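Worksheet: the structure to be examined is printed underneath.
The values are calculated or read from the model by the stated rules, or taken from the named source; none is laboratory data. Everything numeric here is computed off the predicted structure, so don't read it as measured data. Positions of Cβ are backbone-derived with ideal geometry, glycine not excepted, and every protein chain shown enters the neighbour counts. Ligands, DNA and RNA are stripped out before the accessible areas are found, and what is left, the full protein with its side chains, is counted by its heavy atoms. Shrake-Rupley method; radii C 1.70, N 1.55, O 1.52, S 1.80 Å.
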Amino acid sequence: MTHPASDDDVVDPPEHGTAAPREAMSVQTAWLRTFLAVVDRGGFATATRSLHLSQSRVSAHIASLEHALGVTLFDRKARPICTTEAGQLFYGHAQAALHELQRGIDAARSTMDQLVAHLTVASYPSVSSTYLPRLLQMLRTDYPGLTVELWEGTAATLEEAVASGAVDIAFRPTLPKMRDLGLYHRTIWQEDIVAVMRDTDPLASQPTVGIEAILNRPLIGNPSGSEEDGGGFDLRRMLGEHAARADIAYLTDHPTTLVALVRSAFGVGVINQLALHTTSTEGLAVRPIDSPTAHRDVALFWTRRRSGNAAVCAFLHAQEHAPLPPGVRPLPPQTRPV
């Protein structure tokens, strides 16, 4: 069975006979990662998003790999294009080679007194602005040889990034549940889901806001996207069985946008408490919601193959000792062995 790939950015196959197959040492690991991404993501365009490379760069990697191997890896005549027999056979070896190389790198570095490594950390805006800077300061002090690359996204894109290996470790709410049940995780805090309204709103005179009161208003939630993609998940989960009655006026990924819409009287905002610390709430009132599900847990996620990675272990150690951001509650550690 062949792996499908998109024909949205097809590269020309190599001209066979013009170059002999190269030795394995001539193959760059970046080409292998790109090849695996094109196959796994189903096309050149989707691979660009997971790799954070331009389409021309992805195309160049595939062309260079085919030239070095002396074989054609993709059938350009198929619609959608898919791997050739050679590409199918090469896929497993490329995957195993990268995994084994990473294990060797981690093993070698584990003998060093001073960790020297690179780590890609994924998160979402409220974590990036309220928590990561302090954590990265601690990490730089304890592990000066560790360089960190940051990657931001939504719940859906963060799941894809960590499951695919595009990032080493990711902050993400525990719900909606990850589809990949084999991921390791550590739950690190809990935060309330709150209602945001103008301070002249009658709801602001109440110490808490009930579900029925919320259902009578247009609602503004986060993140954006369809319900199937997790759009407005916290809002819908907070409402529980009443979610179908909600008048959801707007969904946005940005707390500043949500607050601006509330301030302009477009509705009542429903958002996690931490996100409100990234923007001004002057002229607004923030109230707890009287619902047993008006909260969410946040965790760190990483893959099984990263569980012994020295850089991931260093990050987990630093996180365990970093002060929590404002507006969240600590939880007992729920960590699988690292």
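The table below lists the values:
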{"read-out": "Which numbered condition LEU53 fails, given (1) within 30 Å of GLY153 (Cα to Cα); (2) in a helix (DSSP H, G or I)", "value": "(2)"}
{"read-out": "Answer residue from region 122-167, given it is of a type in the set (A, V, I, L, M) and part of a loop (DSSP other than H, G, I, E, B) and is farthest from ARG49 (Cα to Cα) among those", "value": "VAL167"}
{"read-out": "Contacts under 6 angstrom Cβ, first residue in region 133-161 being among the polar types (S, T, N, Q), partner assigned to a strand (DSSP E or B), 6 or more apart", "value": "THR147/HIS118"}
{"read-out": "Count of residues meeting criterion [under 10 Å from the mean Cα position of the chain (by Cα) and open to solvent by less than 40 Å² (accessible area, probe 1.4 Å)] in region 119-162", "value": "11"}
{"read-out": "Residues that are aliphatic (A, V, I, L, M), in contact (Cβ under 8 Å) with a residue 40 or more places away in the chain and in a loop (DSSP other than H, G, I, E, B), drawn from region 179-208", "value": "LEU183"}
{"read-out": "Residue that is nearest to the chain's Cα centre (by Cα) [pool: residues in region 286-335 that are more than 30 Å from THR200 (Cα to Cα), hydroxyl-bearing (Ser, Thr, Tyr) and part of a loop (DSSP other than H, G, I, E, B)]", "value": "THR303"}
{"read-out": "Residue identified as out of contact with any Pro (no Cβ under 9 Å at 6 or more places or on another chain), over 19 Å from PRO176 (Cβ atoms) and open to solvent by 50 Å² or more (accessible area, probe 1.4 Å) among ARG329, ARG306, ARG287", "value": "ARG329"}
{"read-out": "Selected residue [in contact (Cβ under 8 Å) with a residue 40 or more places away in the chain and closer than 30 Å to GLY104 by Cβ] from ALA294, ALA318, ALA275, ALA322", "value": "ALA318"}
{"read-out": "Residue count, region 40-73 (criterion: over 21 Å from TRP151 (Cβ atoms), touching a helix residue (DSSP H, G or I) at 6+ places or on another chain (Cβ under 6 Å) and crowded, with 20+ Cβ neighbours inside 10 Å)", "value": "2"}
{"read-out": "Condition check for ILE220: at pLDDT 95 or above and either open to solvent by 10 Å² or more (accessible area, probe 1.4 Å) or acidic (Asp, Glu) (or both)", "value": "no"}
{"read-out": "Test: ASN222 is touching a Ser or Thr at 6+ places or on another chain (Cβ under 9 Å) and without any contact (Cβ under 8 Å) to a residue 60 or more places away in the chain", "value": "yes"}
{"read-out": "Given (1) at pLDDT below 95; (2) touching a helix residue (DSSP H, G or I) at 6+ places or on another chain (Cβ under 8 Å); (3) among the hydroxyl-bearing types (Ser, Thr, Tyr), index of the condition THR293 fails", "value": "(1)"}
{"read-out": "Leading residue by the ranking (farthest from CYS313 (Cα to Cα)) among those in region 168-195 that are of a type in the set (D, E, K, R) and open to solvent by less than 40 Å² (accessible area, probe 1.4 Å)", "value": "GLU191"}
{"read-out": "Residue list for region 1-41, restricted to those being modelled with pLDDT under 80, in a loop (DSSP other than H, G, I, E, B) and over 14 Å from VAL71 (Cα atoms)", "value": "MET1, THR2, HIS3, ALA5, SER6, ASP7, ASP8, ASP9, VAL10"}
{"read-out": "Those residues of region 74-110 which are crowded, with 16+ Cβ neighbours inside 10 Å and in contact with a strand residue (DSSP E or B) (Cβ under 7 Å, 6 or more places away or on another chain), in sequence order", "value": "PHE74, ASP75, ILE81, CYS82, THR83, THR84, GLY87, TYR91, ARG109"}
{"read-out": "Helices (runs of 4 or more DSSP H) wholly inside region 224-279 that include at least 1 residues being polar (S, T, N, Q) and open to solvent by 10 Å² or more (accessible area, probe 1.4 Å)", "value": "255-263, 273-276"}
